[in-house]
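Here's the structure we're looking at; comments come further down.
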Amino acid sequence: MSQGERSEWGSAPTLVPRDPGALVPRVRVQQSVMRMGRDPACDIVIAEPTVSRRHAKVSWDGHEFVVEDLGSSGGTFVNDEKVQRAVVKPGDVLRIGPRTEYVVQADESSSALEMVAEQSSGEGGGVRQLQVLLEVARALNAATVLDDVVHIVLQAAVRLLRADRGCLILVENGERRTVASYPRDVAETAWGQRSSLFERALSERRAVHVGMEVSPSTTMVARGAALAVAAPLLVARRPFGRAEEASFIATVEVIGGILVERATAGKPFGREDLAVLESLAADAAVAVDSAKLYKEAREKAKTDHEMALARNIQSALLPALPQVPYAEVFAVSHPARSVGGDLYQGAVRQDGSLAVALGDVSGKGVPAALIMAMVQGMLGLLHELGQPIELVLPALNRSLIEHNPGNKFVTLGMGVLSQDGTLALTNGGHCPLAVLRRDRSVQLVTPRGPILGLLPAATWGVETVQMAPGDTIVFYSDGISESFSPTDEEFGIEGVRKTLEGFSGSTAEELADALLEAAAAHRAGREAEDDVTLLVVRYLGGDEAREQRG
């Protein structure tokens, strides 16, 4: 290398954030090799989600400054050109990933803080500690991943107090969990959870230490520790509520703590050390709490997205009901809050009869939706094979018992309506089926056997009723009958009966709308607690069927 090239660098390179407001540190390269990335174990920690955990490394031999990508997902760039390895010169722009940019400078000048920090000596250099706290504050402001936050905090505590061992413990639902340890490859990570010093810090809600004045415990001596200090992580919780009920009084919650130890007895931890650790713990508590909330929000968003996708799939699985000339068919289903377990199904059998069913799978969410899809498929196959109605529920029961790892059960009401108006009904543990006559009387068909999917030897009876033109059969889920008023009164079977009695002669859709509106009015407009599903079949008979066709 020529003397001219060497003269470009008057001192070690300095990485200066291109955006003064960026939450990334200003770095002077003072080591031969420094790794850059999101991992707290890196020499240059960049707490930015678009930066890989081990993104790149920079090398400095006193004459040449080289950057090398470490297989990052976002890439490493010099002057907007993506590189695998490149020699960097003063004035170049180094970009780590899509957003984090540094201007590379050969600048001997440092900030007043850095200059004084370098001149500070001794273990209690206050300026050095202040500099570390500022660097940690910048890193914590940029970090959102809980794992990154806890390791940044622990490494800062070890660095500030020149410790040989450390751990960060979170308290969740009364249980303690070590989430970060130093050194990171230490085999036993639960030692801090059993520490009496850590327990004391949590109970007294302040930084405490042992050493020269207070003798170390037996377990500390067994670990080879001579000095130790612990500090709690405290967050203030202010109650939420209406403005007139708002309170300025907050409760303080202990969410965890930091514990570090030194292996050799030297200068004991003093007031300044405790104050610095408490300052770090205060910032750390806020950052850890925010990272936990961020994690929960991300998980909730992911769950909401998956549930929305499942709801779309479930809606697509609900079949279009067949239309026959002798009957009018209408169905509607409204899942409660998430993916529901209600199902309805219709099929025209080989003899021309119309088979319909409405059921309810136990539970909610994706597992219930999967069982729902299986039941629909089985019903369709059984009807296509022409199985008699008295054999359909036993066959479905056997299949559910055999292919039901979650021990889900199903309630199901089913009917087969022939062209002459003969209606065969069976009910496996479902809400009573309602037959509305033209004279406004309502006949209820109660369960003819138990729920499906639990009892291998169960049997189900079949009840046959004769439908006259204008009569209607109504299948409904318990989201209708178990609608509750603000005073906790149930809509019930009587509510279904009274509503139907007032709408004889209505179309299938009009009748379904009337029942939905009556149940909603009973709830005073509140959301239903369970899925709401209706299937209405109005028998037209010979004359009305011919008029409809005409």
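The values are calculated or read from the model by the stated rules, or taken from the named source; none is laboratory data. Model, not experiment: these values are computed from the prediction. Neighbour counts run over all protein chains shown; Cβ positions are idealised from the backbone, glycine included. Ligands, DNA and RNA are excluded from the accessible area calculation, which covers all protein heavy atoms including side chains. Shrake-Rupley method; radii C 1.70, N 1.55, O 1.52, S 1.80 Å.
The length gained by stretching the chain between GLU253 and GLU175 to full extension, at 0.36 nm per residue less their Cα-Cα distance, is 26.7 nm. Counting heavy atoms of the protein chains alone, LEU70 has an accessible area of about 70 Å² for a 1.4 Å probe. Peptides 197-207, 49-59 ranked from most to least packed give 49-59, 197-207, packing being the mean of other C-beta atoms within 10 angstrom over each peptide's residues. Only Cα pairs under 8 Å and 6+ residues apart enter the sum, and on that basis the relative contact order of the stretch 341-463 stands at 25 percent. Mean separation of Cα pairs under 8 Å and 6 or more residues apart, divided by the residue count, gives the stretch 411-550 a relative contact order of 25 percent.
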